[in-house]
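In what follows, a single structure is set out as structure tokens and then discussed.
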Amino acid sequence: MTPPRLTVLAGPTAVGKGTVVQALRELHPELVVSVSATTRPPRPGEVDGVHYRFLSDDEFDELIASDGMLEWATVHGRHRYGTPRGPVEEALARGERVLLEIDLDGARQVRASMPQAQFVFLAPPSWDALVARLVGRGTEDEEERLRRLETAKIELAAEEEFDTTVINDDLDRTVSELAQVMGLE
Ligand code: 5GP
């Protein structure tokens, strides 16, 4: 059976989705990775149009109003993040493989509108490993970290909703398993 062309990768906060996706796209440059839109301000080094499309609240509202979002969610109770519909639909129409790295709410919306997609849950090796990563990253203040840990607990419980779980224990192994699950190698 041919694997679906659209893969949705979700998992708890700080599980390392970004690193895994970065390594996967280096191995498979043919893979189209959707650039999300967000109302969160850029972190140092983040480039508009590359890491995210950084939008104002009004611009984000306009995209939703024009049905330009495949899905969107407020993540960690704070900023909005969403998948611009156009680039995803165009890539799928060209027959390309597309990957969305989004949060759980977003994954549920995609499941409702595109049930034929493949849903992959990226899980930490353990809860302690997840906490260590979240603290170690050091990009968030204490309040934001606590907020993200609360979200992570809820997100971990959602694993059973997904088609497949890939454990993020060792980067090379994880990327190779993900590529295999997606039918990339
Ligand atoms: P960060 O602020 O650390 O870049 O991302 C925070 C969270 O937003 C991550 O867990 C990520 O999965 C989620 N996220 C990023 N882009 C999207 C998107 O387009 N849609 C949804 N629903 N969540 C997203």
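Relative contact order for the chain using alpha-carbon pairs under 8 Å, separation at least 6, rounded to a whole percent? Taking the mean separation of contacting Cα pairs over the length of the chain, I get 34 percent. The three principal axes of the C-alpha atoms in the chain carry coordinate ranges of 44, 41, 30 Å, sorted with the longest axis first.
For the stretch 145-173, the residues whose backbone nitrogen is under 14 Å from a point 7 Å from the Cα of Trp127, taken along Cα to Cβ, are 149-158. Figure legend: label point modelled 7 angstrom from the Cα of Met114 along Cα→Cβ; residues of the stretch 66-80 with amide N under 17 Å from it are 67-73. Taken one residue at a time, the phi angles of the stretch 68-74 give Karplus couplings (6.51, -1.76, 1.60, θ = phi - 60°) of x, 10, 5, 7, 7, 8, 8 Hz. Gly and Pro are set to x. Atom-type composition of the exposed protein surface of the stretch 1-137 places 53 percent of the accessible area on carbon and sulfur (1.4 angstrom probe).
Between Val33 and Leu99, the built amide H atoms are under 5 Å apart, and every one of these is 5 or more places off in sequence or on another chain.
Sort out for me the Cα centre separation of the stretch 159-183 from the stretch 103-126, rounded to whole Å. Taking the Cα centre of the stretch 103-126 as reference, the centre of the stretch 159-183 is 13 Å away.
Two-decimal Rg/Rh of the stretch 35-95 from alpha-carbon positions, Kirkwood Rh?
Over the Cα atoms of the stretch 35-95, Rg/Rh equals 0.99.
Charged side chains reduced to their Cβ positions (Lys and Arg at +1, Asp and Glu at -1) give the chain a dipole of some 160 debye around its Cα centre. In a fully extended conformation the segment linking Leu171 and Glu26 would gain 50.9 nm over its present Cα-Cα distance, using 0.36 nm per residue. Taken as Cα centroids, the stretch 17-38 and the stretch 60-82 sit 20 Å apart, rounded to the nearest whole angstrom.
If contacts are Cα pairs under 8 angstrom and at least 6 residues apart, what is the relative contact order of the stretch 35-95 in percent? Working shown, then result.
Details: 77 pairs, mean separation 21.6, N = 61.
Relative contact order comes out at 35 percent.
Helical content of the chain, expressed as a calculated mean residue ellipticity at 222 nm, amounts to -12500 deg cm²/dmol (DSSP H runs of 4 or more residues, -39,500 (n - 2.57) each, divided by residue number, nearest 500).
Averaged per residue, what accessible surface does the chain expose to a 1.4 Å probe, in Å²?
Numbers: 9350 Å² over 185 residues.
On a per-residue basis, 51 Å².
Taking every alpha-carbon pair in the stretch 113-185 and binning the separations at 5 Å intervals from zero gives 3, 14, 20, 20, 19, 13, 8, 2, 0 percent.
Once you charge only the Cβ atoms, +1 for Lys and Arg and -1 for Asp and Glu, what is the size of the charge dipole of the stretch 38-93 about its Cα centre, to the nearest 20 debye?
Values: 6 positive and 11 negative charges, 72 e Å.
Computed about the Cα centre, the dipole is about 340 debye.
For the charge dipole of the stretch 35-95, defined by +1 on Lys and Arg C-beta atoms and -1 on Asp and Glu C-beta atoms about the Cα centroid, which residue among Pro44, Ser56, Leu70 has the Cα displaced farthest towards the positive pole? Of the listed residues, the answer is Pro44.
The values are calculated or read from the model by the stated rules, or taken from the named source; none is laboratory data. Since we're looking at a predicted model, the values are computed, not measured. Positions of Cβ are generated from backbone atoms using ideal geometry, with glycine treated the same way; all protein chains shown enter the neighbour counts. We work out accessible area using only protein heavy atoms, side chains counted, and drop any ligands, DNA or RNA first. Shrake-Rupley method; radii C 1.70, N 1.55, O 1.52, S 1.80 Å.
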